Amino acid sequence: MADFRAYVIGNLARMAPRYLPFADVATPDLPLARLLRLSLFQISVGMSLVLLVGTLNRVMIVELKLSAALVGVMLALPLVFAPLRALMGYRSDVHRSALGWRRVPFIWKGTMLQFGGFAIMPFALLVLSGYGEAVDAPFWLGPLGAAIAFLLVGAGAHMVQTVGLALATDLVPEADQPRVVGLMYVTLLAGMIGSALIFGALLEDYTPGRLIRVVQGAAVATIVLNVVAIWKQEPRDRRRAADTTPRPEFAEAWSGLMRVPGTLRLLALVALGTAGYGMADVLLEPYGGEVLGMSVAQTTRLTAVMAAGGLIGIALAARVLGRGGIPLRLAALGALIGLPGFGAIILASFGTGTGLFILAVLLVGIGAGIFGHATLTATMRAAPRAQIGLALGAWGAVQATAAGLAVALAGILRDLIRALPDPAHGAEGPYVAVFAIELILLLVALATALPLMREATRRRAAQG
Amino acid sequence: MSANDHDKVWPTGLTLKEAEEVHSYLIDGTRVFGAIALLAHILVAATTPWLG
């Protein structure tokens, strides 16, 4: 009997590691297949982005007949958590676990939040729209449920992305970081494009039952993708698990990060550039339709052109940086490319034709791709190894907040200028004003980047 | 590796602390999923009541 017990235990102990989610060893070079698998978490993040901003945005307004203002407020809710990314990153940096993990617990928690949000979201939306017996429900139940659902998804997606990127940075040597950043961007884009097509096809014939199936399907897909992504990725660190030295407070860690020369300037650059490129996101399609007289099919293709430009930009940046290019120099180039891009977009309203406009949109996509890749790589490079989560959290907080505010501000500005009683401006007036603001933002970003760039170039020269 | 290791609990071979941490994930997960399920049921009951 005792032999049998020893036999079973021995076998279990031998077999168990295969079925446990720990990485075997911290290998210096990560096989591409494992990196690709890790990047799956970006697909779940892209999926939730598209579901919120694209698919549900339309469903709430067209099928559920909710007011645009209410929809706007609901969709803005996840933005509340964007600044908290820095805190999430910091918490994962200093997390102490008996298992010797610091990233996986947070990715798992984020996954659960995102799953929970999607699980209740369709019912909350149906109550919100007064479907079935919900007309008699207390008036606060629908908004409260929907708000909780959107907040959960937002918090989860921010957490998964911040800590997931930190894990990816942990796992690769510095020379491979540009490749990883490129891969992460490409999977995010692929996830967004793929899920936009899938959700669009699935919700072609809308029924409430189908809405429930699609959104809850997204919930299950989130769990599956994220678990597959983090399985056996993070090695266990027994030394960290046994470490009992006091952890730095958040304020302490933050001021430590800010003491790294150029950090604040880099974050300002990220904010300016992201806002500069981001304001156009929601305005290019209506601009093409209202001012340039393009058809719906043509303006929808604009989004594809922009995404293609983004892919080209990311590929270019990954190539140049992989060969030892200086990230900040490339970031400046990314901001620079936007100047002729937006210039040509403004020119298009003076009757230069849609050909130039589409080319300009492609150029803007390329610039945005290069800029995003280069600033993220620069952030990874500048961060002290122990503070990667915090640094990436700060980058993500600034980037997500700037992008969200830019989109909101662009819409508000256009509507405000359009409502002005001045008859001098035509249909293009409000759009041109916003594009001009983007030009200015990119110019300021360029001015911010130049000193950083000179500093980085000097440091590089001193090294080599 | 021995089955009589004081610090380890079998059959997983985790230390007591590690096992407790794994357990805490299970507890937290149950709580979160329970709360989500409760909220979902309240919302569904509001649209299509199944009692009364």
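The values are calculated or read from the model by the stated rules, or taken from the named source; none is laboratory data. Here the structure is a predicted model, which means the values were calculated and not measured. Note: ideal-geometry Cβ built from the backbone for every residue, glycine included; neighbour counts use all protein chains shown.
Observations on the structure shown:
- Flag if A:A157 is in contact with a Leu (Cβ under 8 Å, 6 or more places away or on another chain) and of a type in the set (G, A, S): yes
- Condition met for A:L165 (surrounded by fewer than 23 Cβ atoms within 10 Å (Cβ to Cβ), assigned to a helix (DSSP H, G or I) and in contact with a Leu (Cβ under 6 Å, 6 or more places away or on another chain)): no
- Failed item in (1) surrounded by 21 or more Cβ atoms within 10 Å (Cβ to Cβ); (2) within 29 Å of A:S44 (Cβ to Cβ); (3) not hydroxyl-bearing (S, T, Y), with A:L272 passing the rest: (2)
- The set of residues in the range A:97-117 being facing chain B (nearest Cβ under 9 Å) and assigned to a helix (DSSP H, G or I) consists of A:P105, A:W108, A:K109, A:M112, A:L113, A:F115, A:G116, A:G117.
- Scope the range A:197-208; condition assigned to a loop (DSSP other than H, G, I, E, B) and touching a Leu at 6+ places or on another chain (Cβ under 8 Å); matching residues: A:L203
- Listed by position, the helices (runs of 4 or more DSSP H) inside the range A:209-325 whose residues that are over 21 Å from A:L390 (Cβ atoms) and outside the structural domain of A:F115 (by TED's automatic domain parsing) number at least 3 are A:263-278, A:284-290, A:296-322.
- Between B:A35, B:A46, the distinction of being out of contact with any Gly (no Cβ under 7 Å at 6 or more places or on another chain), at the interface with chain A (Cβ under 7 Å from one of its Cβ atoms) and closer than 26 Å to A:P138 by Cα belongs to B:A46 only.
- Residues within the range A:123-156 that are closer than 22 Å to B:V32 by Cβ, touching a residue at least 60 places away in the same chain (Cβ under 8 Å) and facing another protein chain (nearest Cβ under 9 Å), tallied: 1
- Within the range B:3-37, the set of residues being hydrophobic (A, V, I, L, M, F, W, C), closer than 20 Å to A:V220 by Cβ and surrounded by 11 or more Cβ atoms within 10 Å (Cβ to Cβ) comprises B:V32, B:F33, B:A35, B:I36, B:A37.
- Exclusive hit being in contact with a helix residue (DSSP H, G or I) (Cβ under 9 Å, 6 or more places away or on another chain), crowded, with 24+ Cβ neighbours inside 10 Å and more than 30 Å from B:H41 (Cβ to Cβ), set A:G110, A:G100, A:G89: A:G89
- Scanning the range A:120-133 for residues that are surrounded by fewer than 24 Cβ atoms within 10 Å (Cβ to Cβ) and assigned to a helix (DSSP H, G or I) gives A:G132, A:E133.
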